[in-house]
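Below: one structure, written as structure tokens.
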Amino acid sequence: MSAQQSDRWKRNLLVFLGGQTVSSLGSMIVGYAVMWHLTVETGSAAVLTLSVAAGMLPQAVVSVFGGVWADRHSRKLLIIGADSAIAVATLVLALLMLSGVGDLWMIFVAMAVRSALAGIQGPAVNAMLPQIVPAEHLMRVNGAQQTIQSGMMLFAPAVAAAVYASTGIVAVFFIDVVTAVSGVLLLLLVPVAKMVRSTEPVSYFGDLLAGVRYVKGNPSVRWVMGLVAVVMFMAGAPAHLTPLMITRSFGDEVWMLSVNELFWSVGMVVGGALMATFGPRVKRRVRLMVAASVGVGVLVIGLGVSDDFWVFSVAGLVICILFQTLLVPAATVLQEQVEDSMRGRVFGFYGIVMSVSMPVSMIVFGPLADRFAVESVMVLAGLLLLGCLAGMLALGSARRSLATVDASAS
């Protein structure tokens, strides 16, 4: 690759990541502000539950369809269209609330629309990245992207709190409109090569079924996605139950809850940065992912048996580092292993795994925390995770398929 070509893809990548960062920041600010607004206005746990469902479930459902679109149409235009539609939906809600109309159902509808559009945008972004980034740099770029996303999770709540406290929820919506438009304008500056399909599209559902058959018939892809699903499901609830364990076991001081959230967020930032820096040197990526998964299982058990707050907090930080050590290589492997014409559909299914695993984990493990000690639920989840990993790796087909991924990377 010539120096001019190297400079060109790096410049395009910086513009692309800049636009996505600005757009994502606006979405995060809206998410936090809406949660606080509903809490202040209603004080209802049921309302908050509905808002979470409206903000997550449509994305999980639409992702699979978004994946098909990402393989049939221009991924760049899909991202631009989704961001533009998000801006319009948010602007309409802001104008309605300015006029004095602020029913809860309107907020739920707006959140559902935004979530559905994110289900279109997500597969397109992940599938388009290999079109502008050379294959040998994908791990580094994915690590950097995860670092940026995690860093915004530290920054966005502070911005949301400042804007919401001083000007109200409507101003937050207008900020999101501006960030979405900015993301669109920046993406317009990024040239993207035309996607070449290996087969001609037949019908929408024909393409969808072809994607299902592709995942089913590609053991390496199937087992990588399965590994991520198992870890995210078994560790999802413990990750969300840590505040409850703190208040029950260590004390209900606000600073403890703040430290817990800070450690988990910093762990995600550090994990992404480590993968961006050292990830490209790792050739045995599946071994790294499996080791990270085992580490998560052990440390989730450690959360349950810990009787010291600081040990508990550090364990949470390391768990988040290990999350990134699993997720960054997983996304990179899928980008490398899956042919371009199928990549959108595969990431559509992957988006469902990522969107559904944690909420379902809370549905399964959350009620147990009300009947038994949270510590027992943590230990149970960790043991189940280790048991599932052992069962998976005991299958010869799984070991061979995952070994194939490492062999191709080497």
Scan segment 156-169 for residues that are within 21 Å of LEU317 (Cβ to Cβ) and surrounded by 14 or more Cβ atoms within 10 Å (Cβ to Cβ) and report the count.
-> 2
Test: TRP36 is in a helix (DSSP H, G or I), at pLDDT 85 or above and of a type in the set (Phe, Trp, Tyr) = no
Would you say SER74 is under 21 Å from VAL181 (Cα atoms), touching a residue at least 12 places away in the same chain (Cβ under 8 Å) and surrounded by fewer than 18 Cβ atoms within 10 Å (Cβ to Cβ)?
-> yes
Do we have ALA235 as surrounded by 20 or more Cβ atoms within 10 Å (Cβ to Cβ), part of a helix (DSSP H, G or I), modelled with pLDDT under 80 and out of contact with any Ser or Thr (no Cβ under 6 Å at 6 or more places or on another chain) here?
-> no
Enumerated helices (runs of 4 or more DSSP H) restricted to segment 96-212, each holding at least 2 residues that are farther than 27 Å from ALA53 by Cβ and without any contact (Cβ under 8 Å) to a residue 40 or more places away in the chain | 138-167
Would you say LEU104 is at pLDDT below 85 and either surrounded by fewer than 20 Cβ atoms within 10 Å (Cβ to Cβ) or in contact with a His (Cβ under 6 Å, 6 or more places away or on another chain) (or both)?
-> yes
Checking ASP252 against (1) farther than 24 Å from ALA124 by Cβ; (2) of a type outside the set (S, T, N, Q); (3) assigned to a helix (DSSP H, G or I), the condition it does not meet | (3)
Identify, please: which residue in segment 299-313 is in contact (Cβ under 8 Å) with a residue 60 or more places away in the chain and surrounded by fewer than 17 Cβ atoms within 10 Å (Cβ to Cβ) and is, among those, farthest from PHE233 (Cα to Cα)?
-> PHE309
ALA390 being surrounded by 18 or more Cβ atoms within 10 Å (Cβ to Cβ) and more than 27 Å from VAL68 (Cα to Cα) = no
Looking at VAL254, VAL230, VAL224, which one is at pLDDT below 90, assigned by TED's automatic domain parsing to the domain that holds LEU383, surrounded by 17 or more Cβ atoms within 10 Å (Cβ to Cβ) and of a type in the set (Val, Ile, Thr)?
-> VAL224
Unique match (being more than 20 Å from ALA160 (Cβ to Cβ), among the hydrophobic types (A, V, I, L, M, F, W, C), touching a Pro at 6+ places or on another chain (Cβ under 8 Å) and at pLDDT 85 or above) among ALA70, ALA85 = ALA70
So which of VAL338, VAL377 ends up being within 16 Å of PHE233 (Cα to Cα), among the β-branched types (Val, Ile, Thr), in contact with a helix residue (DSSP H, G or I) (Cβ under 6 Å, 6 or more places away or on another chain) and buried (at least 22 other Cβ atoms within 10 Å of the Cβ)?
-> VAL377
Of TYR204, TYR214, which residue is hydroxyl-bearing (Ser, Thr, Tyr), surrounded by fewer than 20 Cβ atoms within 10 Å (Cβ to Cβ) and not assigned by TED's automatic domain parsing to the domain that holds GLY366?
-> TYR204
Segment 70-111, residues that are among the small types (Gly, Ala, Ser) and farther than 27 Å from PHE205 by Cα | ALA87, ALA89, ALA94, SER99, GLY100, GLY102, ALA110
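The values are calculated or read from the model by the stated rules, or taken from the named source; none is laboratory data. Here the structure is a predicted model, which means the values were calculated and not measured. No Cβ is skipped: glycine too gets one built from the backbone with ideal geometry, and neighbour counts run over all protein chains shown.
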